[in-house]
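For reference, the structure discussed in these notes is given below.
Each value in this text was obtained by applying a stated rule to the coordinates, not by laboratory testing. Small disclaimer: the values here were computed from a predicted structure and weren't measured. Counting neighbours? That spans all protein chains shown, and the Cβs are built from the backbone with ideal geometry, glycine included.
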Amino acid sequence: MLASLAIRDVVLIDRLDLAFGPGLTALTGETGAGKSILLDGLGLALGARAEAGMVRAGQAQSSVAAAFLPPPGHPVLAILEDQGIAAEEGGALVLRRVVQADGRSRAFVNDQPVAVGLLRRIAATLVEVQGQHEQVGLADPATHAGLLDAFGGLEGRRAAVAEAFRGWRGAARALQEARAAIAAAQRDEEFLRHAVEELTAISPVEGEEEALAADRQRLQQGEKRAEQIASALSALQPRDRRGANPGSALRDAARAIERLPPPNEEAQPILAQLAIAQDAVAEAETLLERLLQEGGPDPRRLEQVEDRLFGLRAAARKHGVPVVELPALLASLRDRLAALDAGTGRVVALERAAAEARARYLAAARDLSAARRDAAGRLEGAIGQELPPLKLDRARFVVEVAEREDDGAWTADGMDRVTFLVATNPGTAPGRLDRIASGGELSRLMLALKVVLARGSPVPTLIFDEVDSGIGGATAAAVGERLARVAERLQVLVVTHSPQVAARGAQQMRVAKHLRGGRAATVVEPLGKQDRREEIARMLAGERVTEAARAAADSLLEGPLL
């Protein structure tokens, strides 16, 4: 419900803070006091068009903040979650609008900036305005099917239709996608077969590029290693046999020592060391030869690795993917070919599934349609009983349930177009609510609808602007009684000149115009019991309040006030 309203510098309102309770709230006051300005201010918070003329003269901007307390599970909570808007403490939802003197405006939801369109969408779930010049909610044909279903208790059938619709649309999408895939595959069949043949010949393996690169690096390092081993071996075994090498040098040295003349006892240790050196050189030569044989370069293997790596990278460039994705690409291309080869059978199966899903939807939708037509007759009867007391006894309310022939227009709500129509005079054809009835008639007609449909309304707050225009006496009393009945389930605000309507309110506020500093200002005063008695007496008697008027006010308020 609407919990509070704060208005700053809107036309004749300089500062206004109001708190609202559940049930029926009556807004009364003399003509011209500013009741419409109050509603215009609220309209800004609900996303109405902003104009520079809304800003109070001499001020830079105006602002309006409306705080709501949506009930648990209300649709607005899903909208807030979808938009990432956090709830206020206590679950309050604050809609705020700021209008600059040049007419530009900004919108906020819980102090988070939002587009005016989102503000309007959120507000539509919280408030319905029924007035002589503006009808929001029941006048919109888009709401009529849901309202009829709620009246008729058809939620179960409606849910079954929605489920069948999702199944049908899902099957239709699968069929469409399969047909599109086959058509695309047929257009690319030659390319697909060539690409699959080419990649199959290459047979890319996951992780192969990395392994090949490591293998190539190892083989390239093997060549450099063999070169160094060969260089070391050539130093010990020079190719030029005429040149000295370590082994022959050691042997020549040993022979020279052996030819030393006596005494030559000191030669033995030298000869022993030379012999050790010869053995060490010979062992080194043997080890180097073995190392060269075992770890020698493999030019053939290196060439094979490089050719494979080049082939993989060339294929990847050709198909515009990294080498690592070639196996997945081949699998995808094979799947597309398989889909092409097996596509006809799959399409036939999907066509059968889509047809069966459509038949299920059709059966559920026709069952809902039949139930709607039955509920439509009962709704017409229930509304018809409400019209005579509201001085609409010549009006005829009609619920039209028409089947849409084009299945492209069928929805999760069914195959029907449900429209509420009215004929205000005998012999005239019924037409749309907002096009046939006059302002006062339309407001009372909306009231009759709300009396009957209040149980199914998802909107917790209703605003009626002068629903009692042009009526009085018993008719005004009937309007007040029905507003009170609606207010048993929903919060209702009514702008009224009728004492019979105002007396039905759980609370009453008086809108008045005062002079402050030589300037007119609109104020709103919540009324206590005695003030309320005086206000209703004024509404009954006019400018001069009499004791008779006070007594009549007491009667309307169901007993004298102490």
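If you take every residue apart from R489 with its C-beta less than 14 Å away from the C-beta of R489, what net charge results, scoring Lys and Arg +1 and Asp and Glu -1? Summing Lys and Arg as +1 and Asp and Glu as -1 gives +2. Within the shell of other residues whose beta carbon sits under 14 angstrom from the beta carbon of R455, the net charge comes to +1, with Lys and Arg scored +1 and Asp and Glu -1.
Between helix 35-45 and the chain there is an angle of about 10 degrees, using the helix long axis and the longest principal axis of the Cα atoms.
Percent of alpha carbon pairs in the chain separated by more than 33 Å? Pairs farther apart than 33 Å: 66 percent. Against the chain, whose longest principal axis comes from its Cα atoms, helix 189-202 is set at around 40 degrees.
Extension gain, E306-F191: 0.36 nm per intervening residue step, less the Cα-Cα distance, totals 38.6 nm. Given R0 = 60 Å, the distance between the Cβ atoms of E547 and E403 translates into a calculated FRET efficiency of 0.40. Stretching V324 away from E283 to a fully extended chain increases their span by 9.9 nm, per 0.36 nm per residue minus the current alpha-carbon distance. Each listed q (0.10, 0.15, 0.21 Å⁻¹) maps to a log10 I(q)/I(0) for the stretch 72-200 from the Debye sum over equal C-alpha point scatterers, namely -0.65, -0.95, -1.26. A crude spin-label estimate for the pair I257 and R432, with each label 7 Å from Cα along the Cβ direction, gives 12.3 nm.
Annotation: for a label point projected 7 angstrom from Cα along Cα→Cβ of A78, residues of the stretch 84-101 with backbone N closer than 19 Å are 84-87. At full extension, T344 and A275 could sit 15.9 nm farther apart than now, given 0.36 nm per residue minus the alpha carbon distance. A compact globular protein would have a Cα radius of gyration near 2.2 N^0.38 Å; the ratio found for the stretch 158-365 is 2.27.
Measure nothing fancy, just the Cα-based angle from helix 473-486's long axis to the longest principal axis of the chain, in degrees from 0 to 90, nearest 10. It works out to around 30 degrees.
Taking only the alpha carbons of the stretch 408-562, we obtain Rg and Dmax values of 19.4, 68 Å in that order.
Annotation for E380 and A86: the two label points, set 7 Å from Cα along the Cα-Cβ direction, are 5.4 nm apart. In terms of surrounding Cβ atoms within a 10 Å radius of their Cβ, V347, V501 rank from fewest to most as V347, V501. Put simply, the stretch 33-93 fits an ellipsoid with semi-axes of 29, 13, 11 Å; these come from the alpha carbon gyration tensor as the roots of five times its eigenvalues, largest first. Extending 7 Å from the Cα toward the beta-carbon at both R352 and E163 defines two label points whose distance is 2.4 nm.
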